[in-house]
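Q: Dropping a structure here in structure tokens format, bear with me for questions.
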Amino acid sequence: MSTTTREGIPEEIEDEPSSPAIQRLEYTFNPESPRILVVDDERVIREILSDFLGLEGYVVRTVEDGVQAIEELQKRSYNLVISDLKMPKMGGLDLIEKITELGIPVLTVIMTGFGTVETAIEAMKHGAYDYILKPFKVEEVIHIVKRGLDRQRLQHENLRLKDALSIYKISEAIATSLSVEKVLDLVLEAVLDAVDADIVNLLLERPADQREAGERPGAFVEHARKVSARLADTEAAPPLNFGEVLPLLQDDKPLLAHGARAFRYLSGPPEKRLVSFCSIPLKLKGRTIGMLNAYSYTKGAKFSEGQRKMLYVLGSRAAVSIENARLYESLVDANEELLGANVSLEENFQQTIIGFAHALEESDRYTRGHSERVSTYARLIAVGMRLPSEELETVVKAGLLHDVGKIGIRNDRLNKPGKLTPEELAMFRSHPAKGKRILEPIPFMRDLVPGCYCHHEAWDGSGYPQGLSSDRIPTIGRIVAVADAYDAMTTDRAYRKALPHVIACGELERCSGTQFDPEIVRVFLAHVEDFRKAEALASRPIPR
Ligand SMILES: [Fe+2]
């Protein structure tokens, strides 16, 4: 592991895996040259589009039908698919349906040779972004592609901004109030905002003491509702057909439906034209105690699979808040127990932040699971160093949240092959400071600040943000640095494949005393083999 300053090689963008042995082997999303998949059974069309779009600087691949397209989309990520309508095996409409079903985040444009606008409109109803009538002019295709990619980029930026805003709002509330109603209110507000819904509401199971005679558990009543500025405040949400909704929620099956397909989840036809409906279970110990519903009436504003997942994160926060509220109320007289409830509230809020960090991590396949693994390796080191149990807990949590500052950072611009511009490098390097700013205002998160703020410092003083050296770097920062580097090296990145375990250990050893605290590297290497054996025995995946 080395950095630019020591060996003059470009600094890598993700957690310093800048070993000279590492080669950039893999291409990934790069806004400079977006990837397009052309699907057509006619060779001539494939060749024309591939040539012209290639000339425009796009990376283009071609396949002959929908089946091949799905295979390709599961192998590599694409920004846009241009597909013919009629093809042998799987046609364009089926392809779009399959893409939606699999939740592949790609824009689709349909080409139709039949000159009928009806088929094109049909395609757009199925979720296509736009259509092209054959025979087409190449400039027209390029125009549609550019417009689509622009829109995609803006959506991306918007989403990141919204994530960052939601977490700030929620962490602010945590710092200023422990009121559960307020947190629930914020959750609903965040949902309304995050998915740009027209109505969101929270239904809860009717408590036992409020049930009517003979009423069985399982009746749900509206507990809170928010309505967008587009509708009157008093606008009610359409009542649900619980017979259809509940079994799906109980089995954790995604409930996201558009247009007329959503009607079966309502108790009757809606008064307004419903565009999209999404419902998320609120679960406690596996039981559905409520649900969070989002409705869109705005033309073209369908909820996406990504938004549904975001709702899921918010929904699970709401569930814990409710649990805490019940806990809090029942314990309000018993001082000692009350203290316990407070601890549980703190845990809840920590989980909120961790949930958001995870949601962000999930959006990037290269960082998926990174925080969990860093936390596991950090625990291994802390146990090896025989840290007292309280410090051990802090190390574990700091491992989970070390990169929380990336919430405010555009990862898609940084996840590219090739050198970062000085501006991009500065943006990447700001994440420890951003993390500090997020955690510091929250009293019970303050202990985690050193792990987050100092995990890119180097033993010899060449790290950042402060350029601290040796034991002036807080121990927790030195621990997270080693855990972070090992995981970064042993997982696939945008610019290279994962390194084998032995090579990664070799790198840690090589940089022990320059980048890393030698004692911490020694402890990690002394315990990692036993850890790997135990993981393998438990059939959990380990780096190769
Ligand atoms: Fe980091």
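The values are calculated or read from the model by the stated rules, or taken from the named source; none is laboratory data. Nothing here was measured: the structure is a model prediction, and the numbers come from that model. Counting neighbours? That spans all protein chains shown, and the Cβs are built from the backbone with ideal geometry, glycine included. Each accessible area value is taken on the protein alone, full model and side chains, heavy atoms only, with ligands, DNA and RNA left out. Shrake-Rupley method; radii C 1.70, N 1.55, O 1.52, S 1.80 Å.
Q: Just the residues that are in contact (Cβ under 8 Å) with a residue 60 or more places away in the chain and not basic (Lys, Arg), please, taken from the stretch 500-518.
A: Looking only at the stretch 500-518, we keep the residues that are in contact (Cβ under 8 Å) with a residue 60 or more places away in the chain, and these are 503, 507-508, 510-511, 514-516.
Scanning the stretch 500-518 gives ILE503, GLU507, LEU508, CYS511, THR514, GLN515, PHE516.
Q: Moving to a separate point now. Could you give every pair whose Cβ atoms fall below 6 Å, whose first residue belongs to the stretch 431-450 and is open to solvent by less than 10 Å² (accessible area, probe 1.4 Å), and whose second residue is within 16 Å of the ligand (Cβ to nearest atom) and assigned to a loop (DSSP other than H, G, I, E, B), counting only separations of at least 6 or pairs across chains?
A: Qualifying pairs under 6 Å: HIS431/ILE409; PRO432/HIS456; PRO432/PRO465.
Q: OK, next. Restricted to the stretch 109-156, and to residues that are among the aliphatic types (A, V, I, L, M), within 30 Å of the chain's Cα centre (by Cα) and part of a strand (DSSP E or B), which residue is farthest from LYS302 (Cα to Cα)?
A: Step one: list which residues in the stretch 109-156 are among the aliphatic types (A, V, I, L, M), which gives 109-111, 117, 120-121, 123-124, 128, 132-133, 138, 141-142, 144-145, 149, 154.
Subsequent filtering for residues that are within 30 Å of the chain's Cα centre (by Cα) retains 109-110, 123-124, 128, 144-145, 149, 154.
Applying the additional criterion that residues be part of a strand (DSSP E or B) yields 109-110.
On the way: VAL109: 17, ILE110: 19 Å.
Result: ILE110.
Q: What is the one condition in (1) at pLDDT below 90; (2) in a helix (DSSP H, G or I) that LEU73 does not satisfy?
A: Here LEU73 clears every test but (1).
Q: A further question on this structure: If the requirement is being under 24 Å from the mean Cα position of the chain (by Cα) and at pLDDT 85 or above, which of these qualifies: LEU284, LEU292?
A: Numbers: LEU284 fails: at pLDDT 85 or above.
Among LEU284, LEU292, only LEU292 is under 24 Å from the mean Cα position of the chain (by Cα) and at pLDDT 85 or above.
Q: If GLY461 satisfies all but one of (1) away from the ligand (no atom under 15 Å from the Cβ); (2) surrounded by 17 or more Cβ atoms within 10 Å (Cβ to Cβ); (3) without any contact (Cβ under 8 Å) to a residue 60 or more places away in the chain, what's the number of the condition it fails?
A: Checking GLY461 against (1) away from the ligand (no atom under 15 Å from the Cβ); (2) surrounded by 17 or more Cβ atoms within 10 Å (Cβ to Cβ); (3) without any contact (Cβ under 8 Å) to a residue 60 or more places away in the chain, the one that fails is (2).
Q: Restricting to the stretch 399-422, count the residues that are at pLDDT 85 or above and either away from the ligand (no atom under 13 Å from the Cβ) or farther than 23 Å from ASP492 by Cα (or both).
A: First, the residues of the stretch 399-422 that are at pLDDT 85 or above: 399-403, 422.
Those still in the list that are either away from the ligand (no atom under 13 Å from the Cβ) or farther than 23 Å from ASP492 by Cα (or both) too: 422.
Total meeting the criteria: 1.
Q: For residues that are in a loop (DSSP other than H, G, I, E, B) and charged (D, E, K, R), scanning just the stretch 440-463, find the one that is farthest from the chain's Cα centre (by Cα). Break it down stepwise before answering.
A: As a first pass, look at the stretch 440-463 and keep what is in a loop (DSSP other than H, G, I, E, B): 440-442, 454-463.
Applying the additional criterion that residues be charged (D, E, K, R) yields 440, 457, 460.
Working: GLU440: 23, GLU457: 27, ASP460: 35 Å.
Taking the candidates together, the pick is ASP460.
Q: Look at ARG437 and say whether it is more than 11 Å from the ligand (Cβ to nearest atom), under 26 Å from GLU509 (Cα atoms) and either assigned to a helix (DSSP H, G or I) or out of contact with any helix residue (DSSP H, G or I) (no Cβ under 9 Å at 6 or more places or on another chain) (or both).
A: Values: more than 11 Å from the ligand (Cβ to nearest atom): yes; under 26 Å from GLU509 (Cα atoms): no; either assigned to a helix (DSSP H, G or I) or out of contact with any helix residue (DSSP H, G or I) (no Cβ under 9 Å at 6 or more places or on another chain) (or both): yes.
When the stated conditions are applied, ARG437 does not pass them.
Q: Checking GLU181 against (1) modelled with pLDDT of 85 or more; (2) over 26 Å from the mean Cα position of the chain (by Cα); (3) open to solvent by 20 Å² or more (accessible area, probe 1.4 Å), which single condition isn't satisfied?
A: Unmet for GLU181, out of (1) modelled with pLDDT of 85 or more; (2) over 26 Å from the mean Cα position of the chain (by Cα); (3) open to solvent by 20 Å² or more (accessible area, probe 1.4 Å): (1).
Q: Among (1) within 27 Å of GLY54 (Cβ to Cβ); (2) not in a loop (DSSP other than H, G, I, E, B), which single condition is LYS86 missing?
A: Evaluating LYS86 over (1) within 27 Å of GLY54 (Cβ to Cβ); (2) not in a loop (DSSP other than H, G, I, E, B) leaves (2) as the failure.
Q: Those residues that are touching a residue at least 24 places away in the same chain (Cβ under 8 Å) and surrounded by fewer than 16 Cβ atoms within 10 Å (Cβ to Cβ), I need them from the stretch 259-283; list them, please.
A: GLY259, SER267, GLY268, GLU271, LYS272, ARG273
Q: Just give me the residues in the stretch 477-493 being buried (at least 23 other Cβ atoms within 10 Å of the Cβ) and in contact (Cβ under 8 Å) with a residue 40 or more places away in the chain, in sequence order. Outline the logic, then answer.
A: Residues of the stretch 477-493 that are buried (at least 23 other Cβ atoms within 10 Å of the Cβ), as a first pass: 477-489, 493.
Correct list: ARG478, ILE479, VAL480, VAL482, ALA483, ASP484, ALA485, TYR486, ASP487, ALA488, MET489, ARG493.
Q: Further, regarding this structure: Taking the options ALA536, ALA526, name whichever one is aliphatic (A, V, I, L, M), modelled with pLDDT of 95 or more and part of a helix (DSSP H, G or I). So that I can check it myself, show each step before the final result.
A: Numbers: ALA536 fails: modelled with pLDDT of 95 or more.
Just one listed residue meets the conditions, ALA526.
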